[in-house]
Amino acid sequence: MREREREREREMGRSSEEEREIVIVGGGICGLATALALHRKGIRSVVLERSETLRASGAGIAILANGWRALEQLGVASHLRQTALPIERSQDVGFGKVIPWVTGEARCLKRSDLIGTLADALPPGTIHLGRQIVSVKLDPSNSYPILQLLDGSSIVAKILIGCDGANSVVANFLELKPTTEFGLCSARGLTNYPNGHAFAHEVVRMRRNDILMGRAPIDDKSVYWFTALQLTREDHAKVSHHPERIRELILHSFNGFPAELVQIIKDSELESLSLTHLRYRAPWDLVLGKFRKGTVTVAGDAMHVMGPFLGQGGSAGLEDAIVLARCLSQKFAKTVDNPFTIESKTMTRMMMHGVGKAMDQYLKERRMRVVLLSTQTYLIGSLVKPSSLLVKFACIIVMVLLFSNPTNHTRYDCGLL
């Protein structure tokens with residue numbers, strides 16, 4: 001009798017839960033790109049974003065040749081090209097033998113332009129704002145993931161894709177090892193020139209006193225700049241939510257930098273400034289990590305967050321979106337011929353088996369790619385941050401052995417959607 005009552009209570013609880021076919025957690029670049037890639041294949045999904053608006057923190061983002069190939073597949077490359085100038089070359093100062101990373105098509109986009117373009121290409125009702133996920137568990141009756149939201153509501157999803165960044169709730173559900181702090185903070189911003197600027201179409205990166213600073217034009221009137229520097233947690237807490245203090249801190253740290261770069265910081269838009277601790281998922285954790293449980297997986301920074309030193313974080317997330325949507329669409333087509341003639345429990349098992357195989361194929365295609373990107377980024381970052389001469393020498397040796405062509409990462413093609 002008690003068992004029946006418990007079962008009845010569970011059924012009543014389920015009836016109040018929201019049910020969705022595919023849920024993508026995170027309305028950033030990777031989450032929106034994944035939803036758009038699925039949409040292009042005729043597959044509906046919903047995107048849950050915890051903020052009340054789509055965020056574009058970080059001001060700008062470099063999209064290299066491999067990222068533009070992914071944007072072509074999403075059908076938004078032509079529009080985005082109109083918003084940014086092509087980067088024709090790169091110039092590195094103070095990096096020893098770590099030489100230019102720009103080859104092929106490269107542009108620096110405003111994050112707001114990229115986020116807005118992806119969002120505008122999605123069907124109405126795809127993006128749900130103000131919906132923060134706090135935990136994930138599996139339904140014991142069918143193994144579907146149940147998402148618990150901050151407002152007390154819950155969602156049952158047949159497929160769950162975590163694109164929720166370095167501090168991913170979905171990654172925690174998959175029991176992935178926590179990401180690691182790099183020991184550096186990144187400050188970024190935009191500087192506008194109403195009458196136009198005279199900067200060449202190039203990325204300039206400079207290193208002074210264990211501080212990395214770079215700048216790249218976005219268009220004829222705006223420049224994106226970024227810096228990586230050491231900062232204690234206490235100092236970060238004091239300034240991270242105060243744009244004026246962020247700017248003051250950076251200017252105070254910029255002794256020895258050319259006046260041109262210092263002036264860019266002074267003239268930057270306060271509302272564009274951000275300061276974050278850099279985190280990464282170690283290459284060896286990417287090799288050994290189990291990135292799927294049932295019909296749950298991760299993509300973008302939730303899977304392979306890396307430092308900004310290679311400029312591949314955004315492009316790698318776009319690649320994930322293409323590969324994951326392609327794998328899912330291929331398996332969906334082959335799961336069953338006529339699902340209406342199959343009992344529901346059998347259908348559930350077949351669907352989950354097909355989705356699991358699709359996710360496994362996605363992870364097989366992506367694992368070595370992101371391991372190499374993460375390794376190269378880690379090595380460059382280790383040369384940037386303060387460390388012993390022995391460590392720096394070892395990093396250079398490994399770089400020469402594994403990445404004799406330092407721009408080869410931009411030649412990757414994620415393939416057709």
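Within segment 141-270, all pairs of alpha-carbon atoms sorted by distance into 10 Å bins from zero give the percentages 10, 31, 23, 19, 14, 4, 0. In this rough spin-label picture, where each label sits 7 Å from Cα along the Cβ direction, the Val398-Glu202 distance is 3.1 nm.
Sorting the segments 309-319, 61-71 by their residues' average number of neighbouring beta-carbon atoms within 10 angstrom, most packed first, yields 309-319, 61-71. The distance separating the Cα centre of segment 114-160 from that of segment 168-239 comes to 29 Å. Taking θ as phi - 60° and the Karplus parameters 6.51, -1.76 and 1.60, the scalar couplings of segment 22-35 work out to 10, 10, 10, 9, x, x, x, 4, 5, x, 5, 5, 5, 4 Hz in sequence order, x denoting glycine and proline. Enclosing the Cα atoms of segment 140-184 in their convex hull gives a volume equal to 96 cubic angstrom per residue. Here the Karplus curve 6.51 cos²θ - 1.76 cosθ + 1.60, taken at θ = phi - 60°, turns the phi angles of segment 198-209 into couplings of 10, 6, 5, 7, 8, 8, 10, 10, 9, 10, 9, 6 Hz, with x standing for Gly and Pro. Largest GNM mean-square fluctuation among Pro140, Pro386, Pro217, using the chain with Cα springs under 10 Å: Pro140.
Take the Kirkwood radius over Cα pairs of segment 252-307, plug it into Stokes-Einstein at 4 °C and 1.567 mPa s, and you get 86 µm²/s for translational diffusion.
Can you tell which of Ile218, Ile396, Ile161 shows the greatest fluctuation in a Gaussian network model of the chain with Cα springs below 10 Å? Result for the chain, Cα springs under 10 Å: Ile396 fluctuates most. At a Cβ-Cβ separation cutoff of 4.7 angstrom, cysteine residues of the chain with no neighbouring cysteine are Cys108, Cys185, Cys327, Cys395, Cys414.
Let's test the formula: R0 of 25 Å, r as the Cβ-Cβ distance of Asp139 and Lys177. What FRET efficiency results, to the nearest 0.05? With R0 = 25 Å, the Cβ-Cβ based efficiency is 0.45. Centre-to-centre separation between the Cα atoms of segment 285-314 and those of segment 364-417: 15 Å. For q values of 0.10 Å⁻¹, compute log₁₀ I(q)/I(0) with the Debye formula on a Cα-only model of the chain, without solvent. Those come out to -0.70, one per q. Taken one residue at a time, the phi angles of segment 123-134 give Karplus couplings (6.51, -1.76, 1.60, θ = phi - 60°) of x, x, x, 6, 8, 10, 8, x, 10, 9, 7, 10 Hz. Gly and Pro are set to x. Here is the tail figure for segment 203-276: Cα pairs spaced more than 19 Å apart come to 32 percent of all pairs. In terms of accessible area, using a 1.4 Å probe and ignoring ligands and nucleic acids, His39, His241 rank largest first as His241, His39. Of the residues Glu365, Glu202, Glu234, which exhibits the maximal mean-square fluctuation in a Gaussian network model of the chain defined by a 10 Å Cα contact cut-off? Greatest mean-square fluctuation among the candidates belongs to Glu234. Cross-link pairs exceeding 19 Å in C-alpha to C-alpha distance, out of Lys221/Lys266; Lys137/Lys158; Lys110/Lys238; Lys137/Lys293; Lys177/Lys238, comprise Lys110/Lys238; Lys177/Lys238. For segment 75-181, the equivalent ellipsoid derived from the alpha-carbon gyration tensor has semi-axes of 38, 22, 12 Å in decreasing order.
The values are calculated or read from the model by the stated rules, or taken from the named source; none is laboratory data. Being a predicted model, the structure only gives us computed values, none of them experimental. Quick reminder, even Gly has a Cβ in these numbers, built from the backbone with ideal geometry, and neighbours come from all protein chains shown. Side chains are part of the model used for accessible areas, which takes the heavy atoms of the whole protein and leaves out ligands, DNA and RNA. Shrake-Rupley method; radii C 1.70, N 1.55, O 1.52, S 1.80 Å.
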